[in-house]
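K.L.:
The structure's right below; bear with me while I get my questions together.
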Amino acid sequence: MGKVDVLLGLQWGDEGKGKIVDVLTPNYDMVARFQGGPNAGHTLEFAGEKYVLRSIPSGIFQGDKVNLIGNGVVLDPILFREEVEGLLKCGHKLTERLVISRKAHLILPTHRLLDAAGEVALGATKIGTTGKGIGPTYTDKVARRGLRVGDIELDFQERYSRAKQRHLSMLRGMGVEIPDLTEVEKTFFEAVEYLRTFRFVDSEFEINNALRTGKKILAEGAQGSMLDIDFGSYPFVTSSNTICAGSCIGLGVAPHQIGDVYGIFKAYCTRVGEGPFPTELFDETGKLLAERGHEFGSVTGRPRRCGWIDLVALRYTIMINGVTKLIMMKSDVLDTFSTIKACRAYKIDGIETRNFPYSIEQTIEPVYDTLPGWNCDLTAYERESDLPKEFLAYVAYLEQELEVPITVLSVGPDRKQTIVR
Ligand code: GDP
Ligand code: IMO
Ligand code: MG
C-alpha cells in the first residue's frame, strides 16, 4: 500500500509550499491539491524561471508525474484557463498530466460579485479576502446548491442559470447594482469548454487505486493552518479546512493512509488581509522583514504584514496537524539581523501561557526569547556542516521548543537553495 504524505502551511499562508512541493515531487508519483482555489499563489523558481501557480498543483514541472485537482478544491474556469495558457506560452503543456475531480466545485462570476459585496457589507470588520469568490462558493457547497465540475457533463446551462438567478437576487438584496454580465459570461462559457479538454475523473478512485498499487502521493495544502475554517483565527480565515484532516476529505483517502505530515513555516511570520497577529511588528524591523523577504502577495500584490516567529501558534498547528517533519523557509531573510526574536509564550492579563487561547483578538503581549544573529549571506550554502553556528543554534532552539525535527532548511527562493538534513 502506498501512502499520502501531506505538505501544509503552519502559519497564515505563503510559507513557501510551492517551492518545497516542487523539490519533493521527484519522490512521488502523484501530486494532489485538496482544498482552496485561486486564492492560493504558490511560487516556484528554477533555472532562472519563475512561476506562480494558483489552482494547478506544484508538481507539474518535474517530469510526467500525475497532478490532480481534488474534490475539495474550488475551481474558477476563467482563472484556470489563464493559468494553463500562461504555462503553455512558456512551453509547459499539461493536458496529459493534469486531471480534475468531477466533485470539485466551480466558482461562477457571480460568486466573485458576492465575495466583493460581502466585504463591502462588513465594512470595518471586513476579512480582507482575495476577492476570488472562495467564501461564496464554499457556502453554496455546504448549502447543497453548488455547481460541480461533473455537472458540465450534465444539464449545465440550466443549473448555471438557476444558480445565477439566486445569486443575483442575493446581490439585489444587498443593495448591489448588478453590472452587465454579458462579456464575463461569454468568457466563462468559453473557459468551461476549455476545461472540457482536460480529463475529468472520479478522483477518489484514481487516488485509492494508485495507493493500492503502491504509488506515493504528495498532498499539497493551500493557505495555512491559522487560516483553517475550524482552527484558524476565526472569523479571519478562509472557508476550507486547510489542516491535515482536510486532505482526507478533499481527496477521499482514509486517515490511516496518511504518512508523513510536512509542516512548513517561515523563520519569521507574515499575514496578508485583516485579522489578529500577536507578533506583528509596526517598526523598522517589520519593514526590514517585508523588504528583505519581498513580502507582497504573489497573486494580489498586497503588502504582507510581518513579525517575529510565533511558537505558541506553531505548537498549536503542529498539534492539530500531527506534523512529523518540519521545514523552515526564508532563513536568509534574517541574514542581516544582529539579534532574532522568537515568541515563546503569550502574556494575557498578566499571566504567561504557552497554550494557544480561544481567541487572539484580545490584548496579547508576546514573551520573546532573543537569539544572536549570524550576520552572513546564507543563500550560497549547500551543506549543513558549513552553516554558521549561530544559525544552527537558532534551528536547534526551534526544534527544542517545537519538539519536531526540522528536516529541510530553505536559504533562497530557487529550487537549488534547499538544504535537506
Ligand atoms: P506559498 O503560497 O506557500 O507557495 O508561498 P508563496 O509563493 O506565496 O510565497 C513564498 C515566497 O517566498 C515566494 O516568492 C518564494 O519564491 C519565496 N521563497 C521561498 N523560499 C524562500 C527562501 O528560502 N528564501 C527566500 N528569500 N525566498 C523564498
Ligand atoms: P497560499 O496558498 C495567504 C487569506 C486572505 C484573507 C483570508 C480569506 O498562497 O498560502 P479568501 O479569499 O480565502 O476568502 O481570504 O485568507 N488568504 C491567504 N493568505 N496565502 C494564501 O494562500 C491565502 N489564501 C487566502 O488574505 O485574509
Ligand atoms: Mg502564496
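K.L.:
Just from its helices, what would the mean residue ellipticity at 222 nm be for the chain, if runs of 4 or more DSSP H residues each count -39500 (n - 2.57) and the sum is divided by every residue, rounded to the nearest 500 deg cm²/dmol?
P.N.:
On the way: 11 runs with 128 residues, N = 421.
Per the formula, -9500 deg cm²/dmol.
K.L.:
Another one. Calculate the spin-label point distance for residue 367 paired with residue 213, positioning each point 7 Å from the Cα along the beta-carbon direction, and give it in nanometres.
P.N.:
For residue 213 paired with residue 367, the spin-label model returns 5.5 nm.
K.L.:
For the chain, with only Lys/Arg (+1) and Asp/Glu (-1) charged at the beta-carbon, what is the dipole magnitude about the Cα centre, in debye rounded to 20? Walk me through the numbers on the way to the answer.
P.N.:
On the way: 50 positive and 56 negative charges, 187 e Å.
So the dipole magnitude of the chain works out to roughly 900 debye.
K.L.:
For the pairs 215/325; 103/330; 17/103; 216/330, flag any whose C-alpha to C-alpha distance is greater than 32 Å. It would help to have the intermediate numbers written out before the result.
P.N.:
Numbers: 215/325 21 Å; 103/330 36 Å; 17/103 24 Å; 216/330 28 Å.
Too far apart for the 32 Å limit: 103/330.
K.L.:
Not counting ligands, DNA or RNA, and with a 1.4 Å probe, what is residue 172's accessible surface area in Å² rounded to the nearest 10?
P.N.:
Answer for residue 172: close to 140 Å² accessible.
K.L.:
Related question: For segment 105-196, give the magnitude of the charge dipole about the Cα centre (Cβ charges: +1 Lys/Arg, -1 Asp/Glu; no others), in debye to the nearest 20.
P.N.:
Details: 14 positive and 13 negative charges, 83 e Å.
Value, rounded to 20: 400 debye.
K.L.:
Which residues make up the longest stretch of the chain that has no GluC sites (Glu not before Pro) in a DSSP loop with at most 14 other Cβ atoms within 10 Å? Provide the component values of the computation, followed by the final result.
P.N.:
Details: sites that count: 96, 177, 361, 382, 403.
In the chain, the maximal stretch lacking such sites is 178-360.
K.L.:
Taking R0 as 35 Å, what FRET efficiency do you get between residue 205 and residue 93 from their Cβ-Cβ distance, rounded to the nearest 0.05?
P.N.:
Working: r = 25 Å, r/R0 = 0.73.
So, using R0 = 35 Å, E works out to roughly 0.85.
K.L.:
Continuing with the same structure: Compute the relative contact order of segment 53-124 as a whole-number percentage, counting only Cα pairs closer than 8 Å that sit 6 or more residues apart in sequence.
P.N.:
Numbers: 66 pairs, mean separation 26.7, N = 72.
Relative contact order comes out at 37 percent.
K.L.:
For residue 258, what residues show an amide H to amide H distance below 5 Å, using hydrogens built from the backbone and excluding near sequence neighbours?
P.N.:
For residue 258, whose amide H was placed from the backbone, the distant partners under 5 Å are 4.
K.L.:
While we're on this one: Considering the dipole of the chain built from charges on the beta carbon (Lys and Arg +1, Asp and Glu -1) around the Cα centre, which of 21, 6, 168 is farthest to its positive end?
P.N.:
Looking along the dipole axis, the top candidate is 168.
K.L.:
Continuing with this model, one more query. So which chymotrypsin sites (Phe, Trp or Tyr not before Pro) in segment 355-420 pass both tests, a DSSP loop state and at most 13 other Cβ atoms within 10 Å of the Cβ? Each step should come with its number before you reach the end.
P.N.:
On the way: sites: 358, 368, 374, 381, 391, 394, 397; in loops: 358, 374, 381.
Taking segment 355-420 and a limit of 13 other Cβ atoms within 10 Å, the loop chymotrypsin sites (Phe, Trp or Tyr not before Pro) found are 358.
K.L.:
Also, quick follow-up: Over the Cα atoms of the chain, how large are the radius of gyration and the largest Cα-Cα distance (Dmax), in Å?
P.N.:
Gyration radius and largest Cα-Cα distance of the chain: 21.4, 65 Å.
K.L.:
So which of 164/186; 19/416; 126/341 end up more than 19 Å apart, counting from Cα to Cα? Let's see the in-between values first.
P.N.:
Numbers: 164/186 14 Å; 19/416 10 Å; 126/341 30 Å.
Checking Cα-Cα distances, 126/341 exceed 19 Å.
K.L.:
Taking the 0 to 90 degree range and rounding to the nearest ten, how far is the long axis of helix 203-212 tilted relative to the main principal axis of the chain, both from C-alpha atoms?
P.N.:
Around 50 degrees separate the two axes.
K.L.:
Could you tell me the distance between the Cα centroids of segment 291-370 and segment 185-213, to the nearest Å?
P.N.:
37
K.L.:
Which log10 I(q)/I(0) values, to two decimals, does segment 220-375 give at q = 0.13, 0.17, 0.18 Å⁻¹ under the Debye formula with one point per Cα?
P.N.:
-0.65, -1.10, -1.21
K.L.:
Something else now. Quick check: the distance between the Cα centres of segment 258-276 and segment 68-142, to the nearest angstrom?
P.N.:
Taking the Cα centre of each part, segment 258-276 and segment 68-142 sit 21 Å apart.
K.L.:
Continuing with the same structure: Mind checking segment 267-308 for chymotrypsin sites (Phe, Trp or Tyr not before Pro) that DSSP puts in a loop (not H, G, I, E or B) and that have at most 14 other Cβ atoms within 10 Å? Walk me through the numbers on the way to the answer.
P.N.:
On the way: sites: 268, 282, 296, 308; in loops: 268, 282, 308.
Here the sparse-neighbourhood loop sites are 282.
K.L.:
What nm distance separates the two modelled labels at residue 186 and residue 319, each placed 7 Å from Cα along Cα→Cβ?
P.N.:
5.6
K.L.:
Would you mind calculating the relative contact order of the chain from Cα pairs under 8 angstrom and at least 6 residues apart, reporting the percent as a whole number?
P.N.:
Numbers: 907 pairs, mean separation 87.5, N = 421.
Reported as a whole number, the value is 21 percent.
K.L.:
If you project the alpha carbons of segment 105-196 onto their three principal axes, what span does each projection cover, largest first, in Å?
P.N.:
Principal extents (Cα only, largest first): 42, 28, 21 Å.
K.L.:
Counting pairs of Cα atoms in segment 304-384, how many percent are more than 14 Å apart?
P.N.:
Numbers: 2299 of 3240 pairs.
Value for segment 304-384: 71 percent of Cα pairs lie more than 14 Å apart.
K.L.:
From the phi of every residue in segment 131-145, what ³J(HN,Hα) in whole Hz does the Karplus formula 6.51 cos²θ - 1.76 cosθ + 1.60 yield, where θ is phi - 60° and glycine or proline is x?
P.N.:
Listing the rounded values in order: x, 9, x, 5, x, x, 5, 5, 4, 4, 4, 5, 7, 6, 9 Hz.
K.L.:
Could I ask something else about it? With every protein chain left in place, what is the accessible area per residue of segment 105-196 in square angstrom, probe 1.4 Å?
P.N.:
Working: 4810 Å² over 92 residues.
On a per-residue basis, segment 105-196 sits at 52 Å².
K.L.:
On the protein heavy atoms, probe 1.4 angstrom, tell me the percent of accessible surface of the chain carried by carbon and sulfur. Could the numbers behind the result be given before it?
P.N.:
Details: 9250 of 17630 Å².
Heavy-atom surface of the chain belonging to carbon and sulfur, 1.4 Å probe: 52 percent.
K.L.:
Can you give me the accessible area per residue for segment 265-420, using a 1.4 Å probe, in Å²? Kindly include the intermediate steps, with their values, before the conclusion.
P.N.:
Details: 7130 Å² over 156 residues.
Per residue, segment 265-420 has 46 Å² of solvent-accessible surface.
K.L.:
Can I ask one more? Please compute P(r) over all alpha-carbon pairs of segment 135-250, binned at 10 Å starting from zero, and give each bin as a whole-number percent.
P.N.:
Spelled out per bin, shortest first, that is 10, 28, 34, 23, 4, 0.
K.L.:
Same structure again: Where Lys and Arg each count +1 and Asp and Glu each count -1, what net charge lies around residue 324 among other residues with Cβ under 11 Å from its Cβ? Before the final figure, lay out each step's value.
P.N.:
Details: positive: 325; negative: 5, 260.
Net charge around residue 324: -1.
K.L.:
Tell me, what HN-Hα J-couplings in whole Hz come from the Karplus equation 6.51 cos²θ - 1.76 cosθ + 1.60 at θ = phi - 60° for each residue of segment 17-28, using x for Gly and Pro?
P.N.:
After applying 6.51 cos²θ - 1.76 cosθ + 1.60, I find 4, x, 4, 6, 4, 4, 5, 7, 3, x, 7, 10 Hz.
K.L.:
A further question on this structure: For segment 41-101, what is the accessible area per residue in Å² when the probe is 1.4 Å?
P.N.:
On the way: 2190 Å² over 61 residues.
On a per-residue basis, segment 41-101 sits at 36 Å².
K.L.:
List every residue whose amide H lies under 5 Å from the amide H of residue 219, counting only residues 5 or more places away in sequence or on a different chain, with H placed 1.01 Å from N in the peptide plane.
P.N.:
Amide H neighbours of residue 219: 5, 6, 7, 32.
The values are calculated or read from the model by the stated rules, or taken from the named source; none is laboratory data. All of these numbers come straight from a predicted model, not from anything done at the bench. Don't worry about glycine lacking a Cβ; one is built from the backbone with ideal geometry, like all the others, and counts go over all protein chains shown. These accessible areas exclude ligands, DNA and RNA; they are computed on the full protein's heavy atoms, side chains included. Shrake-Rupley method; radii C 1.70, N 1.55, O 1.52, S 1.80 Å.
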